[in-house]
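In what follows, a single structure is set out as structure tokens and then discussed.
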Amino acid sequence: MKQRNGSKPEPDEDQRLLAVLIDADNAQPAIIEGLLAEVAKYGVASVKRIYGDFTSPQQTQWKKALLKHSIQPVQQFAYTSGKNATDSSLIIDAMDLMYTRRFDGFCLVSSDSDFTRLAQRLREEGHTVYGFGERKTPDAFVQACDKFIYAEVLRREPEPAPSPPAPAAPAKKAAKKAPAPAKPEKPSTPALPRALLVQAIEEATDDEGWAHLGAVGSYLSKIRPDFDPRLYGHKKLSDLLKAHKALFEVQERGTAGGSKTIHVRLKA
């Protein structure tokens with residue numbers, strides 16, 4: 001364990017305690033399994049709470065997911081039409097949890113810019129903030145987080161519904177072909193952020209023009225919290241760079257301990 005500012009030891013990466021706070025009004029149940037799997041990469045979800053008016057028909061799907069994933073619902077009635085009491089309840093709880101000093105980070109699940117100041121305040125106290133939201137999330141909230149993951153990369157592809165059997169055609173009429181079931185639309189893949197990748201590699205290069213991939217990834221996270229290779233069709237940053245051989249050269253190097261490191265450089 002590492003020592004944190006001379007106080008209590010800092011836990012190992014996989015033992016960091018995280019508080020997961022979900023805004024049910026601005027998140028979809030379809031992401032929950034991918035969300036919790038993503039959170040597990042950063043630490044242990046010690047607290048899992050979801051905020052919303054669960055008497056509303058719109059929250060029916062969320063109610064089905066709560067028991068399965070052991071998420072504590074926090075009921076918040078809409079006292080006044082047009083006012084979002086859910087946001088206030090989530091923010092109050094986040095501040096209460098922050099002052100317990102028990103948590104290493106917070107996962108804020110929402111696409112609402114109202115949580116921008118909350119993310120800033122948590123970071124001011126030394127907590128790591130992971131944001132989760134849709135591509136429509138305002139940039140102010142995205143930049144206020146240490147890391148931002150778009151819900152589109154967490155949502156599982158829905159299984160195609162089985163085609164209903166075609167009805168028997170009448171004896172004297174030609175059978176009509178049943179229309180094919182509509183396929184779910186896939187989110188479009190954004191263009192490769194070439195300038196961003198070039199900047200990150202240049203910032204991490206050594207005298208020979210090579211950059212350690214870990215340093216490149218660290219720099220990308222600092223300047224663009226929402227950078228994620230999965231948005232461009234690849235699970236890892238190394239896979240993304242390897243897929244663009246005309247722009248980047250990727251090299252694996254062995255170390256004295258038998259492990260491998262990955263380095264990258266720009267092609268002339």
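Only the coordinates and a few stated rules stand behind these numbers; no lab work does. This is a predicted model, so every value here is computed, not measured. Reconstructed Cβ throughout: ideal geometry from the backbone, glycine too, with neighbour counts over all protein chains shown.
For the stretch 8-153, the calculated P(r), taken from all Cα-Cα distances in 5 Å bins from zero up to the bin holding the longest distance, is 2, 10, 21, 23, 23, 14, 6, 1, 1, 0 percent. Rounded to 0.05, the FRET efficiency of the S46 and A268 pair, given R0 = 35 Å and the Cβ-Cβ distance, is 0.10. For the stretch 205-268, GluC sites (Glu not before Pro) meeting the loop criterion (DSSP other than H, G, I, E, B) and having at most 15 other Cβ atoms within 10 Å: E208. Can you list residues whose amide H is under 5 Å from E134's amide H, if they're 5+ apart or on another chain and H is modeled 1.01 Å from N? Distant-sequence amide H within range of E134: S111, A151. Taking GluC sites (Glu not before Pro) across the stretch 80-135, the ones in a DSSP loop with at most 16 further Cβ atoms lying within 10 angstrom of their Cβ are E125, E134. Rounded to 0.05, the FRET efficiency of the Q72 and T255 pair, given R0 = 45 Å and the Cβ-Cβ distance, is 0.50. Measure up K222/K267; K48/K68; K41/K147; K147/K235; K147/K236 against 20 Å on the Cα-Cα distance and list the ones that go over. Beyond 20 Å: K222/K267.
The trypsin sites (Lys or Arg not before Pro) of the stretch 183-257 that DSSP puts in a loop, and whose beta carbon has at most 11 other beta carbons within 10 Å, are K235, K245. As a calculated quantity, the FRET efficiency between A37 and H234 at R0 = 25 Å, using C-beta atoms, amounts to about 0.90.
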